[in-house]
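Here's the structure we're looking at; comments come further down.
No value in this document is a laboratory result; all are computed from the given coordinates. Not measured: the values here are computed from a predicted model. All Cβ positions, glycine included, derive from the backbone under ideal geometry; neighbour counts span all protein chains shown.
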Amino acid sequence: QVQLVESGGGLVQPGGSLRLSCKASGSIFSISTMGWYRQAPGKQRELVASITTALSTNYQDSVKGRFTISRGNGMNTVYLQMNSLKSEDTAVYYCNRGTGVLRPWGQGTQVTVSS
């Protein structure tokens, strides 16, 4: 059984911070690059950050320097620390493999940045 469960979203003012968590159930995730994706209203889902099994990271330019992706010790938890949030970061955030064949999407977690 493969399952992705995201949590940690919420409403935050511009400049604020949130920490998202992803629990990835399934052995495939522990040997995969993992990523955080987001989908804003009316826009396509996009990859914003990824992390390999060797803990190498990559970020979309729009979030570089503000977001930090990390993995738990068991490789099946993935976090996204989001600082200096902007209204443009408002979206539903999802985790999944960062490369290769994606698994079914979880429910995602809503992040709303608004004053």
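Here are the numbers for the structure shown:
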{"item": "Full-extension gain in nm, residue 3 to residue 68, via 0.36 nm per residue minus C-alpha separation", "result": "21.1 nm"}
{"item": "Environment charge at residue 61 (Cβ cut-off 13 Å; Lys +1, Arg +1, Asp -1, Glu -1)", "result": "0"}
{"item": "Separation of the residue 46 and residue 21 label points, Cα + 7 Å toward Cβ, nm", "result": "2.8 nm"}
{"item": "Residue-count net charge about residue 4 - beta-carbon cut-off 10 Å; Lys, Arg +1, Asp, Glu -1", "result": "+2"}
{"item": "Residue-by-residue Karplus 3J(HN,Hα) for region 42-58, coefficients 6.51, -1.76, 1.60, Hz, glycine and proline x", "result": "x, 10, 6, 5, 10, 7, 10, 7, 9, 9, 7, 5, 8, 6, 6, 10, 9"}
{"item": "Using a Förster distance of 22 Å, the FRET efficiency for residue 28-residue 56 (Cβ separation, nearest 0.05)", "result": "0.70"}
